[in-house]
Amino acid sequence: MTTELSAGALTWLLERARQDYQDLAERELSLDLTRGKPSPEQLDLSDDLLSLPGGRHTAADGTDVRNYGGLQGLPELREIFAGVLQVPVAQLLAAGNSSLELMHDCLVHALLSVLPGAESRWVDQERIAFLCPVPGYDRHFALCERFGIDMIQVPMTADGPDLDVVERLVAEDPAIKGIWCVPKYSNPGGVSYSDETVARLASMSTAAPDFRIFWDNAYAAHHLTDEPVEIADLLAACAEAGNADRVFVFGSTSKITVAGAGVAFFGSSPANVQWLLRNNSKRSIGPDKINQLRHVIFLRDADGMRAHMERQRALLQPKFDAVARILETELGGTGLATWASPKGGYFVALQVQDGCAKEVVRRAKEAGIALTPAGATHPYGDDPRDAFIRIAPSYPGLEELERAIEGLTVCVRLVGYEKQAS
Ligand code: PMP
């Protein structure tokens, strides 16, 4: 990444970066780029939900949504999301408001009750490990840490996790029980898995008979361009390859409607769905069907959902464009950083020179710009190269975002040139 600079040029660039940083610090900013939350304006788009279901309390099949029951969730809501999540309606569950909660529960259930195809419970085994493509989502890693599941890093490529590495590891180690995947517009790299990646994940040989792909399709409908990315259907590919039970699909409306009161989904093979329903029946008598009905009335159908996502895009795209524009203007050609321009999702992964990410985040904090801690993109918060910084542009207003990204680029220049000069 480094470009060779003459000593004179480096001194000049470093001096300028120091001056810019001092100016930045004097502005006493208080800006926050930490979490990928929808902005208030995005949440406003779903305000009608707050007055729904407007006195109606029956689902399409006559179910009284106010009462207990219906563990699988309303079929009419599952119909809206079956296509985008690539799960047949009969194999899709609509649950509570958080898909992370479903991932947590799937891990707990797998630890405490035998999975279809498993010989024993995970908790009865000496060691359990998950493959963690990096950079990845910190909350996935936090779940593994919480339950004592070892994490093995796998590098991401432009097509998804490096399948040569994945195939080798899962073929030889029966302790490897799963892999975390965010297959479309990944958090944080914005990567979408290629058809070949999906096909290889579906058909690879695994030493563990109860290996599971945690397919967290959190950004399935979250496009930022006129060319929506379509990924191959992993659930169908697994069934075709004779590995029907291999995948757990997750999704939610957290970043479609409202993050605090949306609906989460789980999809899988009939055997896995029965396994989850059986276990969930011990923890709940049924989900919040009033919220599910309100989502059905609000979104209407799959086209209604897509139209709603266009309104989300109208708010998000200018922010992502601004990030790309400022990074290019301030850092393009410097050799100090690389980044991808994602076609969807919620994040931009900024890769700085090795050994610089923590210091950039620290300097930004001192100048009043809060960033996700460096290392959060890796298991145990430890990025061995100390190179990745996650930018979350959704929440701040456009002007605030622009100031924050400009400030961030000052920190990248300062730390990068300081390192080169040392
Ligand atoms: N998965 C990914 C990849 C995410 O980025 C997020 C939110 N940042 C979630 C899951 C959380 O989803 P939910 O709100 O449905 O729990």
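The values are calculated or read from the model by the stated rules, or taken from the named source; none is laboratory data. The shown structure was predicted, so the numbers you read here are calculated from the model rather than taken from an experiment. Using ideal geometry, Cβ is built from the backbone for each residue, glycine included, and neighbour counts are taken over all protein chains shown.
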Quick one: in the range 33-50, of everything that is assigned to a loop (DSSP other than H, G, I, E, B) and either within 11 Å of the ligand (Cβ to nearest atom) or over 14 Å from Leu299 (Cα atoms) (or both), which residue is farthest from the chain's Cα centre (by Cα)? Ser39
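Select from the range 79-102 the residues that are more than 13 Å from Ser268 (Cα to Cα) and in a helix (DSSP H, G or I) and write down the one among them that is farthest from the chain's Cα centre (by Cα).
Glu79
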If we scan the range 55-72, do we find a residue that is within 16 Å of the ligand (Cβ to nearest atom) and either in a loop (DSSP other than H, G, I, E, B) or touching a strand residue (DSSP E or B) at 6+ places or on another chain (Cβ under 7 Å) (or both)? no
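Table: residues versus (1) surrounded by 24 or more Cβ atoms within 10 Å (Cβ to Cβ); (2) under 18 Å from Leu316 (Cβ atoms); (3) of a type in the set (A, V, I, L, M).
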| site | (1), (2), (3) |
| --- | --- |
| Gln351 | no, no, no |
| Asp354 | no, no, no |
| Ala367 | no, no, yes |
| Thr377 | yes, no, no |
| Tyr380 | no, no, no |
| Pro396 | no, yes, no |
| Val412 | yes, no, yes |
| Gly416 | yes, no, no |
| Ser422 | no, no, no |
Residue pairs qualifying under the 6 Å Cβ cut-off, at least six apart or on distinct chains, with the first in the range 280-301 being under 17 Å from Leu92 (Cβ atoms) and the second being of a type outside the set (Ser, Thr, Tyr) and surrounded by fewer than 14 Cβ atoms within 10 Å (Cβ to Cβ), are Gly286/Gly69
Looking only at the range 38-56, how many residues end up being crowded, with 18+ Cβ neighbours inside 10 Å and of a type outside the set (Gly, Ala, Ser)? 5
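So which residues in the range 1-22 are of a type in the set (Asp, Glu) and surrounded by 12 or more Cβ atoms within 10 Å (Cβ to Cβ)?
Asp20
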Can you find a residue in the range 90-109 that is in the same structural domain as Gln274 (by TED's automatic domain parsing), more than 14 Å from the ligand (Cβ to nearest atom), out of contact with any strand residue (DSSP E or B) (no Cβ under 7 Å at 6 or more places or on another chain) and of a type in the set (Asp, Glu)? no
Would you pick out the residues in the range 231-275 that are surrounded by fewer than 24 Cβ atoms within 10 Å (Cβ to Cβ) and either in the same structural domain as Arg313 (by TED's automatic domain parsing) or closer than 16 Å to His308 by Cβ (or both)? Ser254, Lys255, Val258, Ala259, Ala261, Gly262
Within the range 362-382, residues over 28 Å from Glu310 (Cα atoms), within 21 Å of the chain's Cα centre (by Cα) and among the aliphatic types (A, V, I, L, M) come out as Ala370, Ala374, Ala376
Just name the residue that is farthest from the ligand (Cβ to nearest atom) out of those in the range 319-375 that are among the aromatic types (Phe, Trp, Tyr) and not in a strand (DSSP E or B). Phe320
